[in-house]
């Protein structure tokens, strides 16, 4: 099954697609080591830190990459203007959705996320490879700005209106635990909707009807202005993908997310909730 511009399952991956492997790792083996240990045959590795983000700074731990950085990475990976691109990670699209979002933001809509990622591929008995893929240079170019984003002020405004979704685990939202950033808590007014509620136990997205009901319970509708944030602007893209799967309009990304919000000590921090 293919949902155009959104998902593809393991039985429907186009044979001529450019396959891009990207892994989000906060512990354990780095993404490159996971790729080397096993990946879809023909897939090229794309590194989150080197290719899909700029260095950490005032805009958070994973600022959006400069056009020069991102375009060069896609060309090295063999992406061309007319390529169908399939992106994947270990499973629930927590990293793959960032790459999906970036390609769409640069105007490349022929991009699909492998639903369930490498886990779904392996569970279906499909072969994996340990041989790195030597991709030919691609001719892809694009220009960012096709999808909505908000800065800190915009995020604060949406939070006041109930339209800002914090996708982190509840214990991080409430400020009870913070394993990655120096300040715990959340943006005042944000609604907590952990991204783990969007996928099943195998890392596949819930049916569109279930996702629509999920967002309806958050008072998110097709006419609502909504943005999503996470710790550093990466995993929030999974929620933006889920919004589209639910049949809703494109939500905005707050790229700086929590790690960018707290770089300014004058911004308020909320606990509990």
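The values are calculated or read from the model by the stated rules, or taken from the named source; none is laboratory data. All figures in this text were calculated on a predicted structure; none of them were measured in a lab. Note that each Cβ is placed from the backbone with ideal geometry, even for glycine, and that neighbours are counted across all protein chains shown.
Descriptive notes on the structure:
- Some residue of segment 60-80 being more than 25 Å from residue 143 (Cα to Cα), outside any loop (DSSP other than H, G, I, E, B) and under 16 Å from the mean Cα position of the chain (by Cα): no
- Among all residues of segment 30-46, there is none that is closer than 16 Å to residue 237 by Cα and in contact with a helix residue (DSSP H, G or I) (Cβ under 6 Å, 6 or more places away or on another chain).
- Flag for residue 141 being within 24 Å of residue 85 (Cβ to Cβ), surrounded by 14 or more Cβ atoms within 10 Å (Cβ to Cβ) and in contact with a helix residue (DSSP H, G or I) (Cβ under 8 Å, 6 or more places away or on another chain): yes
- The criterion of being over 22 Å from residue 216 (Cα atoms) and in the same structural domain as residue 216 (by TED's automatic domain parsing) holds for residue 182.
- Residue identified as in contact with a strand residue (DSSP E or B) (Cβ under 9 Å, 6 or more places away or on another chain), closer than 30 Å to residue 207 by Cα and assigned to a strand (DSSP E or B) among 13, 87: 87
- Residue in segment 215-226 that is in contact with a strand residue (DSSP E or B) (Cβ under 7 Å, 6 or more places away or on another chain), crowded, with 23+ Cβ neighbours inside 10 Å and within 19 Å of residue 64 (Cα to Cα) present: no
- The condition (being touching a strand residue (DSSP E or B) at 6+ places or on another chain (Cβ under 6 Å) and in contact (Cβ under 8 Å) with a residue 40 or more places away in the chain) is satisfied by just one residue among 231, 260: 260.
Rundown of residues vs (1) modelled with pLDDT under 95; (2) farther than 16 Å from residue 87 by Cβ, yes/no style:
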position	(1), (2)
4	yes, no
19	no, no
22	no, no
41	no, no
46	no, no
54	no, yes
58	yes, yes
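- Check on residue 55, outside the structural domain of residue 208 (by TED's automatic domain parsing), in a loop (DSSP other than H, G, I, E, B) and touching a strand residue (DSSP E or B) at 6+ places or on another chain (Cβ under 9 Å): no
- At least 2 residues being farther than 26 Å from residue 5 by Cα is the threshold, and among the helices (runs of 4 or more DSSP H) wholly inside segment 170-270 those reaching it are 170-173, 257-261.
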